[in-house]
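The values are calculated or read from the model by the stated rules, or taken from the named source; none is laboratory data. Model, not experiment: these values are computed from the prediction. We place every Cβ from the backbone using ideal geometry, glycine too, and count neighbours over all the protein chains shown.
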Amino acid sequence: MKTDAPLPERLLRLLDGRVTAEERHQLEQELRTDPQARAALRTLAEEAVLFSDAERTAAARGEDPTIVPFPRPTPRIWPWAAAALVILAIGVAALWSRPSGGRELARVIRVTGTSGVFGARGAAEQPLPAGVRLRAGDMIETRSCDAWVELELRDGSHLTVAGHSALRLLESSPAAARVNLLRGNLWHSPAAQAGSAPLVVQTPTSVVEAGQAQFDLQATAVETILRVNQGRAQVRHPLQSDPVEVAGGFQASIELSAPAPPVATPQPAPVSTWQCDLDEGTAVILGRRLPSGTFGTNRLGAVPLLWPLPNRPPVLLHAVSVSPFQTVGRPLELRAETRVRFHGRTLRDKTVRFGFSTQRMRGVFAGKFEVDVPPARLGPAGDPWTVDLPVSAFRPLHPELSSSPAGLEVTDIYALTVIDDAGLEIHRIEVVVP
Amino acid sequence: MKLSEQDILHCLMQARTRLSAAAWLVVRDAHAAEDIFQNVTLKAMTGRGEFESEAALLSWAFITARREGMDWLRRHRRESLGMDESVLDLLDRDWQAAAPAGGARLEALIECLRAVPAEARQLLRLRYHDGHSCEEVAARIGVGLDAVYQRLSRLHRSLRQCVEGRLAKAGEEAP
């Protein structure tokens with residue numbers, strides 16, 4: 001590299017790793033001591049992201065920037081310039097107040113719970129209303145377990161985004177619709193008519209492509225579980241080029257740490273009973289492990305969390321929550337006669353709320369069911385208790401989704417106190433069919 | 001007093017270009033940098049962290065963006081730039097102290113980019129939008145590597161002059 005080369009050129013070579021150790025040392029020293037050099041590097045980085053942003057924006061608006069003619073000098077006409085500035089200001093304001101410009105890729109058709117949408121250029125719309133039209137770059141975030149957003153894509157297929165999920169719409173083409181599930185759960189139901197465009201879903205650990213398939217995805221930063229219920233889907237690890245086909249009734253787990261081709265296995269049959277000792281293998285969603293102490297059992301202590309509510313201030317909860325499916329690897333199906341037993345204690349007198357979230361067997365979110373148990377029924381504070389409840393005692397929070405838990409799959413099961421920390425701890429959970 | 005959700009979102013959106021650029025310096029991929037910015041925003045909005053001031057939020061956001069960038073490099077098995085941490089710290093500090101660029105600068109850059117001839121624009125697109133290295137860009141457009149560095153360097157210089165000129169002109173013409 002020429003030492004007399006302009007600074008931007010030397011910085012570009014540094015960013016490409018095309019400098020010797022000596023040159024790197026010299027450039028880093030220059031950056032350390034010269035604010036102007038740092039300003040040049042910052043500007044270069046900002047131009048890189050702004051250029052890409054401008055390209056995305058142009059693509060979303062359906063423009064082809066390459067055919068924009070080179071502008072000719074124009075006479076300075078003050079009134080026109082002032083008007084142009086006003087129009088520009090209005091345009092900028094409009095861009096920031098709407099999610100983004102460009103072709104609509106999806107429409108929000110149903111919303112429950114607390115959700116928000118971040119536009120491609122950062123505009124936020126909270127809470128997310130039904131009817132909002134979404135474009136490339138827009139991101140939906142569901143903020144609570146009971147949040148649920150249903151989208152209709154351009155081809156008529158439906159995407160349902162479950163609670164605590166984040167989904168971003170990507171640039172799509174007539175050949176395929178694309179979304180990025182950053183985390184959480186998603187269900188896809190194909191359009192009624194055949195021949196709709198395939199859907200490509202990127203997650204942190206996988207790329208899933210499906211046409212006329214009904215499937216659901218659970219994605220975390222390190223693992224994705226794909227369950228195909230009807231039709232066929234293809235999935236691959238981001239580091240693998242060859243996809244694996246997953247047929248209806250099969251599932252595949254793709255772990256970031258195992259970049260081998262995923263293996264499709266039959267979906268496990270559901271179970272109707274579950275005894276959870278809260279041992280190390282338990283998939284804990286909320287809770288902290290407490291020393292076994294005098295009880296000689298595993299104990300999960302409640303942890304605080306803010307419960308977001310639409311159009312209201314959030315409520316502070318102290319909760320313990322576990323996932324049966326992630327613990328045993330099989331769906332836990334409730335029956336009309338199922339009973340749920342919680343073993344635990346509270347250190348202070350306080351009503352404890354017990355509940356569970358459900359989804360349809362191999363389907364979408366079906367609501368939460370809860371019951372409050374007053375301290376008089378729990379016994380003296382500090383003493384261990386067992387609460388034995390038939391599922392019929394739990395009231396549905398979303399009766400429009402399902403009025404009864406019978407036939408539904410339990411996605412998580414929990415106990416909590418509202419506002420005050422009562423020192424709630426859970427020692428064991430049982431789901432039994434007498 | 002702790003920042004509200006709206007305060008956090010407003011502050012991060014004001015710093016969007018700076019945060020994305022800081023992430024870009026680590027990952028050198030504009031799309032990944034945008035994803036990292038969104039992840040940082042998500043974490044700030046949904047995490048349990050509480051921010052007493054915008055300065056505290058920005059400090060956390062720049063640290064988190066850099067950390068997410070390093071994670072992204074590991075996940076994608078990309079080589080780290082290996083720039084000295086002290087330089088990155090100084091850059092982050094400068095960015096935190098810098099005034100928000102605002103929409104006017106973005107619009108000025110978009111207008112300046114419109115004025116770039118198609119050939120030069122293709123060069124920018126290959127390098128920054130498509131994320132190719134300069135060596136790959138050279139191979140694609142059939143010129144030498146040195147020529148690519150020189151052209152990009154000139155383009156950055158002329159873009160900067162164009163943006164500054166437009167902003168100055170807008171300042172003059174503002175009522």
Query - Residue pairs meeting the criteria (Cβ under 7 Å; at least 6 apart or on separate chains; first closer than 15 Å to residue B:38 by Cβ, in the stretch B:62-81; second surrounded by 14 or more Cβ atoms within 10 Å (Cβ to Cβ) and among the charged types (D, E, K, R)) - result: B:64/B:43
Report summary line: Selection over the stretch A:141-190 where residues are without any contact (Cβ under 8 Å) to a residue 24 or more places away in the chain and closer than 15 Å to residue A:112 by Cα yields a count of 1
Query raised in the report: In the stretch B:27-46, how many are within 10 Å of chain A (Cβ to nearest Cβ) and either assigned to a helix (DSSP H, G or I) or exposed (fewer than 15 other Cβ atoms within 10 Å of the Cβ) (or both)?
Result: 12
Report summary line: Taking the stretch A:4-50 and keeping residues part of a loop (DSSP other than H, G, I, E, B) and not small (Gly, Ala, Ser) leaves A:4, A:6, A:16, A:18, A:19, A:20, A:34
Query - Test for residue A:332: is it surrounded by fewer than 22 Cβ atoms within 10 Å (Cβ to Cβ) and in contact (Cβ under 8 Å) with a residue 12 or more places away in the chain - result: no
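Take residue A:177 and decide whether it is among the aliphatic types (A, V, I, L, M) and in contact with an Asp or Glu (Cβ under 8 Å, 6 or more places away or on another chain).
On the way: among the aliphatic types (A, V, I, L, M): yes; in contact with an Asp or Glu (Cβ under 8 Å, 6 or more places away or on another chain): yes.
When the stated conditions are applied, residue A:177 passes them.
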Query raised in the report: Is it the case that residue B:165 is farther than 29 Å from residue B:78 by Cβ and at pLDDT below 85?
Result: no
Query raised in the report: Being in a loop (DSSP other than H, G, I, E, B), in contact with a strand residue (DSSP E or B) (Cβ under 8 Å, 6 or more places away or on another chain) and at pLDDT 85 or above, is that true of even one residue in the stretch A:250-261?
Result: no
Report summary line: Residue hits (the stretch B:128-144; among the aliphatic types (A, V, I, L, M) and surrounded by fewer than 17 Cβ atoms within 10 Å (Cβ to Cβ)) are B:139, B:141, B:143
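Mind telling me which of the residues A:166, A:221 ends up being under 20 Å from residue B:75 (Cα atoms), under 21 Å from the mean Cα position of the chain (by Cα) and modelled with pLDDT under 85?
Numbers: A:166 fails: modelled with pLDDT under 85.
After applying the criteria, what remains is A:221.
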Report task. Can you work out which of the residues in the stretch A:136-153 that are away from chain B (no Cβ under 13 Å) and modelled with pLDDT of 85 or more is farthest from residue A:189 (Cα to Cα)? Result -> A:149
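When you check residue B:6 against the structure, is it over 21 Å from residue A:28 (Cβ atoms), at the interface with chain A (Cβ under 9 Å from one of its Cβ atoms) and buried (at least 20 other Cβ atoms within 10 Å of the Cβ), yes or no?
Values: over 21 Å from residue A:28 (Cβ atoms): yes; at the interface with chain A (Cβ under 9 Å from one of its Cβ atoms): yes; buried (at least 20 other Cβ atoms within 10 Å of the Cβ): no.
No, not satisfied.
Take the conditions in contact with a helix residue (DSSP H, G or I) (Cβ under 9 Å, 6 or more places away or on another chain), modelled with pLDDT of 70 or more and either in a helix (DSSP H, G or I) or not assigned by TED's automatic domain parsing to the domain that holds residue A:132 (or both) and apply them to residue A:88. Does it pass? Walk me through how you get there before you give the answer.
On the way: in contact with a helix residue (DSSP H, G or I) (Cβ under 9 Å, 6 or more places away or on another chain): yes; modelled with pLDDT of 70 or more: no; either in a helix (DSSP H, G or I) or not assigned by TED's automatic domain parsing to the domain that holds residue A:132 (or both): yes.
Answer is no for this residue.
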Requested in this report: Output the residues belonging to the stretch B:47-70 that are surrounded by 15 or more Cβ atoms within 10 Å (Cβ to Cβ) and charged (D, E, K, R).
Outcome: B:54, B:66, B:68
Query raised in the report: Hey, residue A:232 hits all of (1) surrounded by fewer than 19 Cβ atoms within 10 Å (Cβ to Cβ); (2) within 21 Å of residue A:323 (Cα to Cα); (3) not hydrophobic (A, V, I, L, M, F, W, C) but one; which does it fall short on?
Result: (2)
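Please determine whether any residue of the stretch B:47-56 is of a type in the set (A, V, I, L, M, F, W, C) and within 11 Å of chain A (Cβ to nearest Cβ).
The first filter runs over the stretch B:47-56 and keeps only residues of a type in the set (A, V, I, L, M, F, W, C), leaving B:51, B:55-56.
Filter once more, keeping what is within 11 Å of chain A (Cβ to nearest Cβ): none.
Within the stretch B:47-56, not a single residue is of a type in the set (A, V, I, L, M, F, W, C) and within 11 Å of chain A (Cβ to nearest Cβ).
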Query raised in the report: Consider residue A:19 against the criteria (1) more than 8 Å from chain B (Cβ to nearest Cβ); (2) closer than 16 Å to residue B:157 by Cβ: it satisfies all of them except one. Which criterion is unmet?
Result: (2)
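Quick one: how many residues across the stretch B:83-97 are facing another protein chain (nearest Cβ under 8 Å) and more than 16 Å from the chain's Cα centre (by Cα)?
Pass one, the stretch B:83-97, residues facing another protein chain (nearest Cβ under 8 Å): B:83-84, B:86-87, B:90-91, B:94-95.
In the following step, the residues that additionally are more than 16 Å from the chain's Cα centre (by Cα) were identified as B:83-84, B:86-87.
Qualifying residue count, the stretch B:83-97: 4.
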**Report entry** Hits in the stretch B:81-114 (condition: loosely packed, with under 15 Cβ neighbours inside 10 Å, modelled with pLDDT of 80 or more and aliphatic (A, V, I, L, M))
**Finding:** B:97
**Report entry** Single match in B:163, B:143 (criterion: free of Cβ contacts under 8 Å to residues at least 40 places away in the same chain and among the hydrophobic types (A, V, I, L, M, F, W, C))
**Finding:** B:143
